[in-house]
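One structure below.
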Amino acid sequence: MIVQIIGAFIAVLTLALAFGVPRKFLVYSAIVGAIDWLVYLISLGRGLSLAMSVFVATLVIAFISHAFARRFKAPVTVFLIPGILPLVPGVGTYRIVYYLILEDGAKASYYFYQTLQIAGMIAIGIFIMDTFFKFFQKPLSVVGKEAENIELQGSDSVEDSTGHVLEEEEKRMEQDLLARAEALRKKMKEREKDDLGL
């Protein structure tokens, strides 16, 4: 198992170099890949199916990738794409083509179904973790925007927790609008008088 984890670390490190991952993130990308493979092997050892093992490993590394992205202020893909590569069903794709060439439709269909399952589990795992992080990030950003609005508006227009302007501010705005409407009415009457020559 240790040899496989070291192999995954080296493979992901090499692929991260090929993908042009910045040097300061190379080791972290490789760590994500090694953890990915470790979780996958442990899940298989605990009796989970191939697809479920891939799903669990994807959830774990998607979580770690998001955590690293926030810690190092980098895009999530810097850690996620190289880290997910050990799980990508390349062997399954090879076997599909191999058995198609041998005209063994049953085995080609089996590996096709298995490859689709694995790819689907990877996609679902990434989607779930992205949604999880977006869900918990959104309320914080809304709170930050409300605080920003309060600072910008000053003491004259303080907003309540629902984001509605308080009554005093509403009254002031209404009076301002009425004054503008009245001024506009006066101007229109003056123009009418000028047009009629009165």
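The values are calculated or read from the model by the stated rules, or taken from the named source; none is laboratory data. Being a predicted model, the structure only gives us computed values, none of them experimental. We place every Cβ from the backbone using ideal geometry, glycine too, and count neighbours over all the protein chains shown. All accessible areas refer to the heavy atoms of the entire protein, side chains included, with ligands and DNA or RNA removed. Shrake-Rupley method; radii C 1.70, N 1.55, O 1.52, S 1.80 Å.
Going by accessible area, probe 1.4 Å, with all protein chains left in place, what is the ranking of 52, 188, 121, largest first? Kindly include the intermediate steps, with their values, before the conclusion.
On the way: 52 75, 188 110, 121 50 Å².
Descending accessible area places them as 188, 52, 121.
The distance between label points at residue 128 and residue 190 comes to 7.0 nm (points 7 Å beyond Cα on the Cα→Cβ vector).
At what distance in nm do the modelled label points of residue 183 and residue 97 sit from each other, each positioned 7 Å from its Cα along Cα→Cβ? Each label point lies 7 Å from its Cα, and together they span 7.4 nm.
Solvent exposure of residue 6, expressed as accessible area, is near 90 Å², computed with a probe of 1.4 Å over the protein chains only.
Roughly speaking, to the nearest percent, how much of the range 1-146's 1.4 Å accessible area is carbon and sulfur? Provide the component values of the computation, followed by the final result.
Details: 6430 of 8800 Å².
Ligands and nucleic acids excluded, carbon and sulfur give 73 percent.
Which length gain, in nm to one decimal place, applies between residue 136 and residue 88 when the Cα-Cα distance is subtracted from 0.36 nm times their residue separation? It would help to have the intermediate numbers written out before the result.
Numbers: separation 48, 0.36 × 48 = 17.28 nm, distance 2.84 nm.
So the extension gain works out to 14.4 nm.
Packing, as the average of other Cβ atoms within 10 Å across residues, places the peptides 21-29, 58-66, 171-179 in the order 58-66, 21-29, 171-179, highest first. Working from label points 7 Å from Cα in the Cα-to-Cβ sense, the residue 6 to residue 51 distance is 3.6 nm. Accessible area per residue (1.4 Å probe, heavy atoms of protein chains only) ranks 12, 3, 78 as 3, 78, 12, with the largest value leading. Within the assembled protein chains, the solvent-accessible surface assigned to residue 134 is about 140 Å², based on a 1.4 Å probe.
Contact order normalised by length for the range 12-131, with contacts defined as Cα pairs under 8 Å and 6 or more residues apart; what percent is it? Numbers along the way, then the final one.
Numbers: 144 pairs, mean separation 35.8, N = 120.
Normalised by residue count, the contact order of the range 12-131 is 30 percent.
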